[in-house]
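Participant: Below are the structure tokens for one structure; questions will follow.
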Amino acid sequence: MKKENSDKDKLIEVEGKYSSQNIKRSVLKKQIIEIFYKEGTKTIAELRDLCNNSIPTLTAIMGELTQDKWTKKIGIADSKSGRRPAIYGINPTKGHFVSIRLSRRRTMILIYDMLNQPVSALLELKDGIDTSENILQIIKQEVLILLKEVGLSSKQILGYGITIPGLINMREGMSYSYPLLAQRPLLEIFGDLFEKPIIVEHDTKAMAIGELWFGLAKNKFNSLFVNVGSGIGLGQIINGDIYRGHTGYSGEFGHIQMDPDGELCYCGRIGCLETLASGTALVKKAKEEISKGKGTKITAMVNGNINNIKLGIIIAAAHEGDQFSIELLEMAGEHLAKAISILIHLYNPESIIIGGEMADAKQILIGLIRQKLKKYTMPFLKKETKIQFSGLKESAGLMGVLPVIMGKVLSIYFDETN
């Protein structure tokens, strides 16, 4: 039977209570926690300037937040004269978040504290949406095992952040790419699975959020994130925020046509960028050539079983000097450069960040892409755009959901209407 628990009910299970506050105090508490989350530790005097409230009011509020374990005293600040003020910040053990990256052929799970620090090892499953009809139940069981391993209970989890690929109508909250997720709104599916506050985000957009908060796009207002893994997606940061489009479908960069006489893409169109430069395309090409007798280190790395070839193995072989693998990556780099030139002409961004699995090929591709952009891009436009490879790599998406689920949890807990 379906449980009719509201998000607030789910948080009651975490907290054991729901403290009703008047509008002003609730809004102020939420504002203070958001300041700590975005900017780090502060003294009460610093909070006074940021919140435009009196020292006595803020002292009382900080007392309540500390008593409820949302915040804690971190230390004592230096002072030129008088009493040294206390420094406050978020209490990282107040609660935890589970971040889940659900992909077509694999799943990644990681548990974080309130300060975005991992408290578990990264768990990688070899099952995904396309490979197992029971993937949701598998994820639930693996999360419970992971929690037990790190000594946490379900009650200590404040919320879940989940990323999925494909077409997501954000207005309806529906996925239209995978039958397994297309029966009901995504928040219902995952809310019933975990019975906690949930956010579901498109995988590439989550990675762009991760770069915006924690990576190379931090403090930038107009940047683009190109996710190159099994597929190719685009996250657009415009005026400091994620652009989603009319219904949330923006960023299907991998399905722009690059070769009108090319191969059939799984989307049903011909010659998409994904058929030329994605991990799936490179793996397909590698399998074809090796089956014809092509000599390469890849063969030994997969013990002769070409079905085990992955993009990561191609990149690893290239780093070991395998000429065939280098040629495959350079072929992808050529097509990526041509496609990126289109983005530069359309957006005139501050930076374009290449992430996902392909970020591990930085040493091989960065020079090639920059060189090819000279060929495909107007000089004045190219000059203003920095091409970078993500340092967060695949963890960008896992981290990108954290500020979103944190915001949702704070909105529920400090709901001023209750």
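The values are calculated or read from the model by the stated rules, or taken from the named source; none is laboratory data. Just so it is clear, the model here is predicted, and its values are computed rather than measured. Quick reminder, even Gly has a Cβ in these numbers, built from the backbone with ideal geometry, and neighbours come from all protein chains shown.
Participant: Kindly indicate the residue of segment 389-418 that is of a type in the set (S, T, N, Q) and surrounded by 19 or more Cβ atoms within 10 Å (Cβ to Cβ) and also farthest from Val27 (Cα to Cα) among those meeting that condition. Steps first, answer last, please.
Facilitator: Start the filter on segment 389-418 by keeping residues that are of a type in the set (S, T, N, Q), which leaves 390, 395, 411, 417-418.
Next, only the ones that are surrounded by 19 or more Cβ atoms within 10 Å (Cβ to Cβ) stay: 390, 395.
Values: Ser390: 36, Ser395: 32 Å.
This residue is Ser390.
Participant: Any idea which residue in segment 284-293 is nearest to the chain's Cα centre (by Cα), counting only those that are within 25 Å of Lys362 (Cβ to Cβ) and surrounded by fewer than 17 Cβ atoms within 10 Å (Cβ to Cβ)?
Facilitator: Only one residue fits best here, namely Lys284.
Table: residues versus (1) in a strand (DSSP E or B); (2) surrounded by 15 or more Cβ atoms within 10 Å (Cβ to Cβ); (3) at negative phi.
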| site | (1), (2), (3) |
| --- | --- |
| Ser79 | no, no, yes |
| Arg84 | no, no, yes |
| Ile87 | yes, yes, yes |
| Ser99 | yes, yes, yes |
| Leu110 | yes, yes, yes |
| Ser120 | no, yes, yes |
| Ile129 | no, yes, yes |
| Glu133 | no, no, yes |
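Participant: Looking at segment 22-53, which of its residues are more than 18 Å from Ala77 (Cα to Cα), surrounded by 11 or more Cβ atoms within 10 Å (Cβ to Cβ), polar (S, T, N, Q) and out of contact with any Asp or Glu (no Cβ under 7 Å at 6 or more places or on another chain)?
Facilitator: Gln31, Asn53
Participant: If only one of Lys73, Lys69 is assigned to a loop (DSSP other than H, G, I, E, B) and assigned by TED's automatic domain parsing to the domain that holds Val27, which one is it?
Facilitator: Lys69
Participant: Also, I was wondering about something else. Quick check on my filter: what residues within segment 295-339 are exposed (fewer than 14 other Cβ atoms within 10 Å of the Cβ) and more than 31 Å from the chain's Cα centre (by Cα)?
Facilitator: Within segment 295-339, Gly295, Ala300, Asn303, Gly304, Asn305, Gly321, Gln323 qualify.
Participant: Between Glu64, Glu133, Glu142, Glu124, which is touching a residue at least 24 places away in the same chain (Cβ under 8 Å), acidic (Asp, Glu), touching a Lys or Arg at 6+ places or on another chain (Cβ under 9 Å) and not assigned by TED's automatic domain parsing to the domain that holds Asn308? Walk me through how you get there before you give the answer.
Facilitator: On the way: Glu133 fails: touching a Lys or Arg at 6+ places or on another chain (Cβ under 9 Å); Glu142 fails: touching a Lys or Arg at 6+ places or on another chain (Cβ under 9 Å); Glu124 fails: touching a residue at least 24 places away in the same chain (Cβ under 8 Å).
The unique qualifying residue is Glu64.
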